[in-house]
Ligand code: GDP
């Protein structure tokens, strides 16, 4: 589908043959290819430009060892810089305290409910946590039902108050309930809208202020490409979230949203969703994502 970056660089580096250093002139052509590859991977335009400027500064004057093709060296510089910008290492989720509280945020359809189930199952299995899932969508009864079905499927209790229209109260009551029942992890799934709106933002901010969560995770569909960055920025401006979850990476996106979001909001990407099933969840690895973006 896409030509990979190594092949592109191979072509543009033909002009470099015989030269021992990467110079201003021969790097310019190559960086155009790097930028094109990033845009093809759905990286935001400004982010791609900023990125190639950084790579240029690093590459200029670098000795090209006779054993290494200039194109390979350039791919390595680009790869390492991508991984570094996306955080370098994986970042763990904060589940200290009893109960630890994790609040989900994001647009409707981004994968919040699915991810809530996946995370509960993961932390129960791998970290021995006793999770309680909380349905805080007071607008769509179907959303409460969806979480209940998931909870049953993975054997995790779900707290809901179908007659209550106040999500802040539901979240607070759920935490009380968790304390009483000895559950040490509360995962709060919230309502999302199809686009960012003032009422949704006020509501989720009120939930945040009332329950003071360990983590506020922003869940975003990686297939939404450039839009993902704008949404991330709006949510972060209002919520100051603590981490990002990139869903639907099993689709055919290159995942450039990871680089854009990380660069624009400067918050770690913590998990990636790779399917609809409850075990389709991975911890985010920057180096692997760099491989994916470069193809
Ligand atoms: P919410 O509205 O944010 O709670 O989103 P949902 O959890 O209901 O997810 C919306 C749709 O995306 C559902 O059909 C999910 O099965 C699907 N979905 C969620 N995460 C993933 C993922 O990682 N990969 C794929 N392929 N589908 C996903």
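Where a number appears in this text, it was derived from the coordinates with a stated rule and is not lab data. If you're wondering where the values come from, they're calculated on a predicted model, not measured in any experiment. A quick note on method: Cβ atoms are made from the backbone with ideal geometry, for glycine too, and the neighbour counts reach across all protein chains shown.
Extension gain for the segment residue 50 to residue 210, taken as residue separation times 0.36 nm less the Cα-Cα distance, is 53.8 nm to one decimal. Annotation: the residues 150, 119, sorted from fewest to most other C-beta atoms within 10 Å of their own C-beta, follow the order 150, 119. With the Kirkwood sum run over all distinct C-alpha pairs, the range 196-285 has a hydrodynamic radius of 13.5 Å. For the range 178-288, the antiparallel share of DSSP beta bridges with both residues in that region comes to about 25%.
Helix 45-59 and the longest principal axis of the C-alpha atoms of the chain enclose an angle of approximately 50°. Between residue 266 and residue 90, the modelled labels are 2.6 nm apart [label points 7 Å from Cα along Cα→Cβ].
Between residue 32 and residue 181, the contour length at 0.36 nm per residue exceeds the Cα-Cα span by 47.8 nm. Cα axis of helix 24-40 to longest principal axis of the chain: angle in degrees, 0 to 90, nearest 10? For 24-40 against the chain, the angle is about 30 degrees. Altogether, the Stokes-Einstein calculation at 4 °C and 1.567 mPa s, with the Kirkwood radius of the range 97-167 over Cα pairs as Rh, returns a diffusion coefficient of 102 µm²/s.
Taking the chain as a Gaussian network of alpha-carbon nodes connected by springs under 10 Å, the highest mean-square fluctuation of the residues 83, 48, 210 belongs to 210. Mean separation of Cα pairs under 8 Å and 6 or more residues apart, divided by the residue count, gives the chain a relative contact order of 25 percent. Site pair residue 197 and residue 124 shows an inter-label distance of 3.4 nm when each label is modelled 7 Å from Cα along Cα→Cβ. For residue 250 and residue 227, a Förster radius of 22 Å and the Cβ-Cβ distance give a FRET efficiency of 0.70, rounded to the nearest 0.05. Extents of the chain, taken as max minus min of Cα coordinates on every principal axis and listed largest first, are 74, 38, 31 Å. Using a cut-off of under 20 Å, list every residue of the range 69-113 whose amide N is near the label point 7 Å from the Cα of residue 234 along the Cα-to-beta-carbon line. So the set is 104-113.
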